[in-house]
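Report on the following structure.
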Amino acid sequence: MAIASMLTTEQPSAFGRWLALGLGFAFLYLPILTLIVFSFNDSAMMTSWAGFSFRWYEALINDQALLRAAGLSFKVALMTATAAAALGTWAGYILARKGRFKGFALYVGLVSAPLVIPEVVLGLSLLLLFVEMDALFGWPGERGLLTIWVGHTTFCMAFVAVIVQSRVRDLDRSLEEAALDLGASPLKVFFVITLPLIMPAVVSGWLLAFTLSLDDVVIASFLSGPGATLLSPEIFSRVRLGVKPEVNALATVFVLGVAIFVLIVNTLQRRQEAR
């Protein structure tokens, strides 16, 4: 018994904790650092270092197909994140505040379905839907920006709803009830009191939807058409034929952009906390 209690109460040493932390960070970030280093490699081979060079960044500037795909992906991601944040916020609020109304189980299933349905099934279903709608109504005509946006919004809205739902459930309802007692309409209470309180969750959902849209390959492959290729499918098609160094250069630009954005957000948060 004494030995068992000693084994259960023994804490890992400081060296063990730092070692585990270092291995974890190395597993996560060493591949990214390797990618960044080889984006400055003068050689086209990914297995040998031939000297420092910016030649692949020059090749990236001249690669119009890759830049066009990146621009379209950012546009779709911004549209998707905004639409998913709006629809997901409303869906999450209903799930958290309206109780078990008639058809509640069906509503929960419809909102949560994109979380559990494989992306292949979701993409194929949306493709068949658009094909039938085009045959019946002549809309959307052809697959492109609009169809990808609808598909990504359908997929990302569920993630936003889950995040917002958990935040709304943690709110103190007395604030909303006090505003209602003072004569405010439910809609005004939502926009003046509830929405500012859940705004961190809404922003988190927006960022998650933006990342998911930018990262998606499967749904975009089903719903894209000629001239509407997103960045992820474009990179995936190139990687199958061998990794090209200009892809490393583009990834380095993405990492730098994300790092700058995170630094700006952290700085603003610290200033706000200081105030």
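Looking at this structure, is residue 111 in contact (Cβ under 8 Å) with a residue 24 or more places away in the chain and either touching a His at 6+ places or on another chain (Cβ under 7 Å) or among the basic types (Lys, Arg) (or both)? Spelling it out, it is not the case that residue 111 is in contact (Cβ under 8 Å) with a residue 24 or more places away in the chain and either touching a His at 6+ places or on another chain (Cβ under 7 Å) or among the basic types (Lys, Arg) (or both).
Of the helices (runs of 4 or more DSSP H) lying entirely inside region 175-223, not one carries at least 3 residues that are among the charged types (D, E, K, R), surrounded by fewer than 19 Cβ atoms within 10 Å (Cβ to Cβ) and in contact with a Lys or Arg (Cβ under 7 Å, 6 or more places away or on another chain). Residue 199 meets each of the listed conditions (1) without any contact (Cβ under 8 Å) to a residue 12 or more places away in the chain; (2) farther than 15 Å from residue 88 by Cα apart from (2).
Yes or no: residue 110 more than 16 Å from residue 164 (Cα to Cα) and either touching a strand residue (DSSP E or B) at 6+ places or on another chain (Cβ under 9 Å) or in a helix (DSSP H, G or I) (or both)?
Spelling it out, residue 110 is indeed more than 16 Å from residue 164 (Cα to Cα) and either touching a strand residue (DSSP E or B) at 6+ places or on another chain (Cβ under 9 Å) or in a helix (DSSP H, G or I) (or both).
Are any residues in region 196-236 closer than 25 Å to residue 63 by Cβ and hydroxyl-bearing (Ser, Thr, Tyr), and if so, which ones? Passing the criteria: 211, 213, 221, 224, 229, 232.
Values in this text are rule-based calculations from the coordinates and carry no lab data. In this text, all values refer to a predicted model and were calculated from it rather than measured experimentally. For neighbour counting, all protein chains shown are included, and Cβ atoms are generated from backbone atoms with ideal geometry for every residue, glycine included.
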